[in-house]
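Encoded as structure tokens, the structure appears first; notes follow it.
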Amino acid sequence: MTNDFASNPFAVESTLSYGLPDFRRIREEHFLPAFEAGVAAHLAEIDAITANPAAADFGNTIDALERAGQLLYRTSVVFFNGTGSHATEGIQALEKEIAPRLAAHEDNIYLNGELYGRVQTVDRAGLDAESERLLEEYLKAFRRAGAQLDGTAQQRLRDINAELSELSTRFSQDVLRDTNDSALLLESREELAGLSGDDIASAASAATDAGHSGKYLLTLILPTAQPALASLTNRDTRRRLFEASISRGSRDNDANVLGTATRMAQLRAEKAVLLGYDTHADYATDDQTAPSLEAITAMLARLAPAAVRNARAEADALAEVAGFELEPWDWSFYSEKVRRDKYSVDSAALRPYFELERVLQDGVFYAANRLYGLTFTERTDLVGYHPEVRVWEVFNADGSGLGLFLGDYYTRSTKNGGAWMNPLVEQSGLLGRQSVVVNNLNISKPPAGEPTLLSYDEVVTCFHEFGHALHGLFSNVRYPRLSGTNVPRDFVEYPSQVNEMWILWPEVVANYAKHYATGEALDQDVIAKLEAAQLWGEGFATTEYLGAALLDLAWHSLPAGTEVSDPLAFEADALARAGVDLPLVPPRYRTGYFKHIFAGGYSAGYYSYIWSEVLDADTVEWFKTSGGLSRDNGNHFRESLLSRGNSQDPLQSFRDFRGRDAELQPLLKRRGLD
């Protein structure tokens, strides 16, 4: 280590609580030297493993692999958290430079024949179940990376991986830029009629921040549906907002987002064939909990007709209420009207009861306390990667420290749309680490001094993302590769979806749903109406979701060598062939802004949300019939499933928790598909 690098904050492990990265010291200029030193150190550690004259055993090969690369790891987790949550121009420029180099580094490890040979010859005798699992995961990773291929095929894989890395970065950055550029700038307050005073104030503040003082800016979230569409009474404003959302990535501009997506699909198809698969979808689903691609497509095909029937019935009801032929930008507005008229649920009137601090402290944290005994102490002495990030220390029921939870709740121009969880430190008994996790949301920030009032959907997102956080915090495994949320993609959404069940649980909602100004509790009748209204809109919600999931599979089921000259025509044809081409219900994500699959690790995997929901719905039934919100139930869920990570087959963890395999019926009932 050079003297210059010794002062780099990544050079040694952080001495802060739980190894929280020292964000007070970290600057953009620290990343590149840390990446370069981290790659060099990791390769030296790999060379030491392969050069070991002793016969390969678990300790000198697999255990050593788990210990290797720590400098690169701690640099990467901070940097790639930043590319999603605070992607400054400097970070974006560095991402373009470093991403292909990291892809090449990964190839240098998993296409290393000597290393693969050692892993293959590790003696399994005497291994415990978790060590056996880890060895199998390494063998699978080498095979799926192409370690068994000849030199020519491996070189082509390297070229494909390098180009895919560059394209993924380009797609992400172009979509972020286009989403910011597509925000709807309005001249007058009248154009915002129907929005709450808080929303109008946020739009005015956003316009001022963007250099348009005196105007109003409606920023976009990543999915097609924009929250303001439910409230805007000005139909032309609704149209303009909808068109701004749905045209992202497909307009004539400098960034050819559709071309990037098409090229990525072609390269993934070619890579799949090199690795012995018919399509990328076959490759991507081969290591998931779903038994096969055929099982996935069969499930989606079973759900689609019922979802579309429900969506058409909802459309008929909405047209009757509207009194004219609907357009897509009318759906949310009239759906909300039905919710008010038929179920007496006024979403706008709910917002004063969903103030962010109360939702967090008296809702999300309260449910975790009642269920798991957790307590939370805000650590104002610790800082995050942005001034808006807050840090809490999380304690077990016995007072022992569990880890750190960071919350980054507000939207900003440098943050990707949507919501997600990232680890900053992953739990590992081998390395003596506990978890540090981040939740990111995109809530519009109110003017200074005003409360942050959430929509009901944003409340759902708070609970959902905290479910991911719990999955990471509760991890109790030995090996970092098997820790926390490092589970198959079609299992990872399951714990987060389960955590949504506590939103309207009587004890929980009574504790947090209080008027921000008066402290008045949300009326029990309103809560009952919210529950009664939950099935309304499921036709739309399921159809828009299935549209995205089936579009994903269409892109990634292309045979190698297929040319797609018109991506939008391909998209339209894919939706039509799947039977989900309803003009009034566009897919949740269109190709031009489908970051999950072109820049987020979910290629041929967007189906996983509803696949996980099978487990989730069955789990909710178990909680309801087993006593609900109790410490015994929480401890059982934590110990049998949430703490296990990928240390065993996740479906075995589900069986340990539930006592059997999951059943589909609870999901069908929940979504009105039964």
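Each reported figure results from applying straightforward, stated rules to the coordinates on display, with no laboratory input. Quantities reported herein were computed from a predicted structural model and do not represent experimental measurements. Note: ideal-geometry Cβ built from the backbone for every residue, glycine included; neighbour counts use all protein chains shown.
Please identify every one of the GluC sites (Glu not before Pro) in the range 498-545 that sits in a loop by DSSP and has no more than 15 other beta carbons within 10 Å of its own beta carbon.
Passing sites in the range 498-545 are 520.
Which links in 514/595; 215/415; 271/415; 140/271; 337/529 stretch past 26 Å when you go from one Cα to the other?
Listed pairs above 26 Å: 514/595; 271/415.
Could you size up the charge dipole of the range 591-640 around its Cα centre, putting +1 on the beta carbon of Lys and Arg and -1 on that of Asp and Glu, and report it in debye to the nearest 20?
The calculation lands at about 200 debye.
Would any residue of the range 442-463 have its amide N under 18 Å from a label point 7 Å out along Cα→Cβ of residue 517? List them or say none.
Within reach of a label on residue 517: 446-455.
Quick check for me: using +1 on Lys/Arg Cβ and -1 on Asp/Glu Cβ, what's the dipole size of the chain about its Cα centre, in debye to the nearest 20?
300 debye
Need the full-extension length gain, residue 55 to residue 341, defined as separation in residues times 0.36 nm minus the C-alpha distance. One decimal, nm.
That pair, residue 55 and residue 341, stretches by 95.6 nm at full extension.
Using only the Cα atoms of the chain, what do you get for the radius of gyration and for Dmax, in Å?
24.8, 81
Tell me the GluC sites (Glu not before Pro) within the range 574-674 that lie in a loop according to DSSP and have at most 15 other beta-carbon atoms within 10 Å.
Taking the range 574-674 and a limit of 15 other Cβ atoms within 10 Å, the loop GluC sites (Glu not before Pro) found are 663.
Let me spell out the model: positive unit charges on the Cβ of Lys and Arg, negative unit charges on the Cβ of Asp and Glu, origin at the Cα centre of the range 101-153. What dipole size does that give, in debye rounded to 20?
Using Cβ point charges on Lys, Arg, Asp and Glu, the range 101-153 gives about 160 debye.
Arrange 582, 424 by Cβ neighbour counts within 10 Å, fewest through most, would you?
582, 424
How much length would be gained if the chain were fully extended between residue 233 and residue 4, taking 0.36 nm per residue of separation minus their Cα-Cα distance, in nm to one decimal?
Gain on stretching residue 233 to residue 4: 76.4 nm.
Between residue 395 and residue 208, what FRET efficiency follows from the Cβ-Cβ distance if R0 is 30 Å, with the result rounded to 0.05?
The formula returns an efficiency of 0.15 here.
Which of 153, 349, 193 sits farthest toward the positive end of the charge dipole of the chain, with +1 on the Cβ of Lys and Arg and -1 on the Cβ of Asp and Glu?
Positive-most Cα among the choices belongs to 349.
Between residue 349 and residue 127, what's the calculated FRET efficiency when r is the beta-carbon distance and R0 is 45 Å? Round to 0.05.
So, using R0 = 45 Å, E works out to roughly 0.15.
For the range 182-246, what is Rg from Cα atoms divided by 2.2 N^0.38 Å, rounded to two decimals?
0.99
With both bridge residues required to lie in the chain, what share of the DSSP beta bridges run antiparallel, to the nearest 5%?
Close to 75 percent.
Explain nothing, just compute: Karplus ³J(HN,Hα) = 6.51 cos²θ - 1.76 cosθ + 1.60, θ = phi - 60°, for every residue of the range 493-499 in order, whole Hz, x for Gly and Pro.
7, 4, x, 5, 5, 4, 5
Can you compute the modelled spin-label distance between residue 652 and residue 319, with each label point 7 Å from Cα toward Cβ, in nm?
Here the modelled spin labels are 5.4 nm apart.
So if each residue of separation counts as 0.36 nm, and I subtract the Cα-Cα distance between residue 36 and residue 251, what length gain in nm does that give?
73.6 nm
Write out the GluC sites (Glu not before Pro) in the range 282-361 meeting two conditions: DSSP loop, and at most 12 other Cβ atoms within 10 Å of their Cβ.
325
Across the Cα atoms of the range 406-532, what radius of gyration and what greatest pairwise Cα-Cα distance (Dmax) are found, in Å?
Computed over the Cα atoms of the range 406-532, radius of gyration and Dmax are 17.1, 52 Å.
Give the residue from 219, 117, 651 lying farthest towards the positive end of the charge dipole for the chain; charges sit on Cβ (+1 for Lys and Arg, -1 for Asp and Glu) and the dipole is referred to the Cα centre.
Looking along the dipole axis, the top candidate is 651.
Give the distance, in whole Å, between the Cα centre of the range 2-49 and the Cα centre of the range 417-457.
Answer, in whole Å: 24.
Just to verify a number: FRET efficiency for residue 669 and residue 29, C-beta to C-beta distance, R0 = 45 Å, to 0.05?
E between residue 669 and residue 29, to the nearest 0.05, is 0.25.
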